[in-house]
1. Just give me the residues in segment A:124-178 being basic (K, R) and either in contact with a strand residue (DSSP E or B) (Cβ under 8 Å, 6 or more places away or on another chain) or away from chain B (no Cβ under 14 Å) (or both), in sequence order.
2. Take segment B:321-358 and flag every residue that is over 23 Å from B:D481 (Cβ atoms) and out of contact with any Phe, Trp or Tyr (no Cβ under 9 Å at 6 or more places or on another chain).
3. Enumerate the pairs (first residue in segment A:165-189 and outside any helix (DSSP H, G or I); second residue anywhere and of a type in the set (V, I, T)) with beta-carbon separation below 7 Å, excluding pairs fewer than 6 apart on the same chain, so at least 6 apart or on different chains.
4. Does A:A118 satisfy being out of contact with any strand residue (DSSP E or B) (no Cβ under 7 Å at 6 or more places or on another chain), within 14 Å of another protein chain (Cβ to nearest Cβ) and among the aliphatic types (A, V, I, L, M)?
5. Here's a check for you: in segment B:6-43, which residue that is within 20 Å of B:W443 (Cβ to Cβ) and in a loop (DSSP other than H, G, I, E, B) is modelled with the lowest pLDDT?
6. Out of segment A:486-518, which residues are acidic (D, E) and farther than 17 Å from B:P165 by Cβ?
7. State whether one or more residues within segment B:375-389 are touching a residue at least 12 places away in the same chain (Cβ under 8 Å), part of a helix (DSSP H, G or I) and acidic (D, E).
8. Only residues that are of a type in the set (V, I, T) and touching a residue at least 24 places away in the same chain (Cβ under 8 Å): list them for segment B:210-259, please.
Number of protein chains: 2
Amino acid sequence: MKKPFTSLLTLAVLTAPLLLAAQTVEKIDTAMVSKIKNEGMNRSQVMDILSMLTDIHGPRLTNSPGYKNAANYAKTTLESWGVQNVVFDTWEEDFGRGWQLKKFSLSSLAPAYFPMIAYPKAWSPGVKGAIQAEAVYLDISKEEDLKKYEGKLKGKIVMFSLPTPVKPGFKPDATRLSDSTLLVMANAGVIEAQGGRRFSSPQEPQRLAYAKWALCQKEGAVAVIEASSSFRLEDGTLTVAAATVPYPAETPFSKRVAAYKENVPKILPQVVVSAEHYNRLVRQIQKGQTVKLELALETAFTPSAPGYNVIGEIPGTDLKDEVVMIGAHLDSWHSGTGTTDNAAGSAVMLEAIRILKTLGVSPRRTIRIALWGGEEQGLLGSKSYVKRTYGERLDKAYPYDSIKMTPAAEKFSVYLNMDNGSGRFRGIYLQGNENIGNIFRAWFKPFNKVGASTLTLQNTGGTDHLSFDAIGLPGFQFIQDPLEYGTRTHHTSMDVYDKAVEGDLKQNASIVASFAWLAAMRDEKMPRK
Amino acid sequence: MKKPFTSLLTLAVLTAPLLLAAQTVEKIDTAMVSKIKNEGMNRSQVMDILSMLTDIHGPRLTNSPGYKNAANYAKTTLESWGVQNVVFDTWEEDFGRGWQLKKFSLSSLAPAYFPMIAYPKAWSPGVKGAIQAEAVYLDISKEEDLKKYEGKLKGKIVMFSLPTPVKPGFKPDATRLSDSTLLVMANAGVIEAQGGRRFSSPQEPQRLAYAKWALCQKEGAVAVIEASSSFRLEDGTLTVAAATVPYPAETPFSKRVAAYKENVPKILPQVVVSAEHYNRLVRQIQKGQTVKLELALETAFTPSAPGYNVIGEIPGTDLKDEVVMIGAHLDSWHSGTGTTDNAAGSAVMLEAIRILKTLGVSPRRTIRIALWGGEEQGLLGSKSYVKRTYGERLDKAYPYDSIKMTPAAEKFSVYLNMDNGSGRFRGIYLQGNENIGNIFRAWFKPFNKVGASTLTLQNTGGTDHLSFDAIGLPGFQFIQDPLEYGTRTHHTSMDVYDKAVEGDLKQNASIVASFAWLAAMRDEKMPRK
């Protein structure tokens, strides 16, 4: 069997140049990639940057003091590395108010004292001093149940939600993508992005929820507590986002005012309680006990103001009008320190810039970093930037037929984003752009050994590359190992520094720096769909 | 191939009675076991009992008001079922003081405000009002480092421990025993119990720890905080036990006074902080920030008093002087509600008694339930009971040569214990008692289908069956599925009701009720080693 094999091999070697010549060969500067890897893996500052963004300045709720401090830190840091044109890129419209937690504690006083694991929702109003009040559980599954509570909620803390079931954790919190999962992605076709559609949720639960909120407000409840949802793991971990502003089910979304807006209607103070502690109160009440709580909740608002991103550049040389962008959102939710969502992405992008500046590069195209605000409220920062800089879709119903582009859009090459937690890159979502596959395949080659190699035609949604993709500009999000992102840290009180994995972030920064460099140096801009 | 098989089968059927006759056949009343299973699985009250012990009366720190309320509940409940001779069985010696948390909160005020996940150690003293103080991190790895902190701790909150490393959870929190693990146990020989030996820990770390405590006290620190250990999972889960009473390394254990004793030396207020939050403070300080904390900690002590167990009986008939015991410890640690350690065991034992009383049984032997106190401080309740009732080892160095038994010991049959979390029974540890294997094997038969069948000669330690085993009385602990016991709930703030699994507890109660019944009805008492 040896001879035929040898013959086949010889044939393969002889015909290889012919086969390769038939494709476009993407040349890469492997010496430069090696230098980047060396700096990124051996002299990394990514964890120090991450700690500054999270431990010192986090959480970074859009337009809040934490966000401002982190933005200042990012600007100063970029300037200290010699990055140019570093600006606070202000959006064209007011975002709304900043918000800060000044003091918070929730305890059960009776029937048994215990300090409760809980966190206020963002933009919740506070209460005056430390209030003591009975807790009333709204055991409501249909409209008729509402009557039971008439005249019974005045001065009470209302337990608004049903208990959250808690189950033993037979699956690990943290995972890495398996070869079989990656293979499915590699073989998948384009799945249409669903950003354009709006799935309306069933009207009945919405109606009931509104009726419950209206009852609480009409009856004069002093605060509302809810069980942390079962969407993430429990174990005292809290999933917390913005305060609910109740609207009747028929109110169109365009008429609803978010909690961070200055003209928001008056809402009740709102606190999320760990499933285990909330469920305990429910069981106490169901056993006929009177539950008495003590709540201290002091919050502070800053005046409504436009949102802002942080932008900076390593200017290009012969092609300096053309732009390669890297970015991540700087804003976060507030019950942790916004580490995996998304100080991790911001730290990786800053570190990628540091690596390039440390190596003293002079790229052909301009390399621009963007740290976005308002991602958590709907990609607001990147949408605003793209609209002002590159163009917009005039009719949202027709994705690509109604785009009005700016002259700058002509000069745009590519945008690379990281916002799927702190896990290492395993490849990239092509967003249906088949033309670009061969280029990324070549760029990933130096990182194949560390597991980054998968190209999938699939779209992925939910973050800032969509703002570019929406007007047909090449914008991409990397495929990342999940680690504990979907299970434990996303929008939770456990989204903290210790959940980031150093080796993963170092590698990601090396890949971003390499990709930005290669995009800035190749002969052509990156191909579009 | 069909014929030889049939022949072999025929042979097996014909010879089976002969083979069985050669062994001692343990007869079991399968009709009664079926009734027990029916009551235990279809009309269970175990979760309601568990909720009373945990949600309403927990936590149940020995001699504390929670323990007292739970003991009262157990007594009243047993009496309501018609159980007789229900008593608080008082130990011969004072246990010490009860302790209760009256008010607690810990927040970081600077450089960033955040409410901290933390819990005071049991029997910690409090502080007056809400104190605000700078946090000083004791970055000490050797004696010389102590000097750095001289004159610097007065009025400060001292961060006593090193940071606790946090790693992603690639292993599941919850597991069940696999067949391969059970097989290893089934095939294992006796492993000598290690209760008699005392492993001395290395002197050097002990010396340094004492020097650190002495420094904090001498310099006038106001409180000490420590990172939750890495022994359990993190994610904000706290492992919390009793306050440390520092002693020089050379002080013999017999001369050391525990935190719950009236004559304890003055100690500092002590609080355990989640790894993630503690580590954040360390990083802030290492970045040159001044960390300012606010601590409110009000604790209450009850006067020193003897400890007590709860004991009750279903009196026997023709063999009423002989006793079958079932039991579990009622006391718990304090940062959760002591659910898996060990309200689960207590609820299972109470439910087993309820099942038997509901079925209106008249057992031959007396069936006695014991709910122990002081297990967490060294099996104190069961040791005291066994000593007063059955006898003691006069010389601890010689396990069985120096035992002085009471006449009642003659009449004792067996003690069955549950205290390895809330997981279902998979078999039983024989404690090296080979004579008893065939009996348990027969008793498990009706429960083989639900996974309970493994007999292991191995000893297991750490709980109240040891008090019986120590003087040669048959005392056993079941083999239990771990669930999240070793990983998440044991001695932690997440030892709460929602961590118990209803199906597992129902099954355990059915098994305990069956075993107690079968032990009470068989011709002979259970064989001893």
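1. A:K128, A:K142, A:K147, A:K148, A:K152, A:K154, A:K156, A:K171, A:R176
2. Passing the criteria: only B:D321.
3. If the second residue must be of a type in the set (V, I, T), the pairs left are A:P168/B:V501; A:D173/A:T487; A:A188/A:T456.
4. The answer is no for A:A118.
5. In this case the residue turns out to be B:Q23.
6. Once the filter is applied, which keeps residues that are acidic (D, E) and farther than 17 Å from B:P165 by Cβ, segment A:486-518 yields only A:D495.
7. Taking every residue of segment B:375-389 in turn, at least one turns out to be touching a residue at least 12 places away in the same chain (Cβ under 8 Å), part of a helix (DSSP H, G or I) and acidic (D, E).
8. Scanning segment B:210-259 gives B:V222, B:V224, B:I225, B:T237, B:T239, B:V240, B:T244.
The values are calculated or read from the model by the stated rules, or taken from the named source; none is laboratory data. Source: prediction; values computed, not measured. Virtual Cβ from ideal backbone geometry, glycine too; neighbours counted across all protein chains shown.
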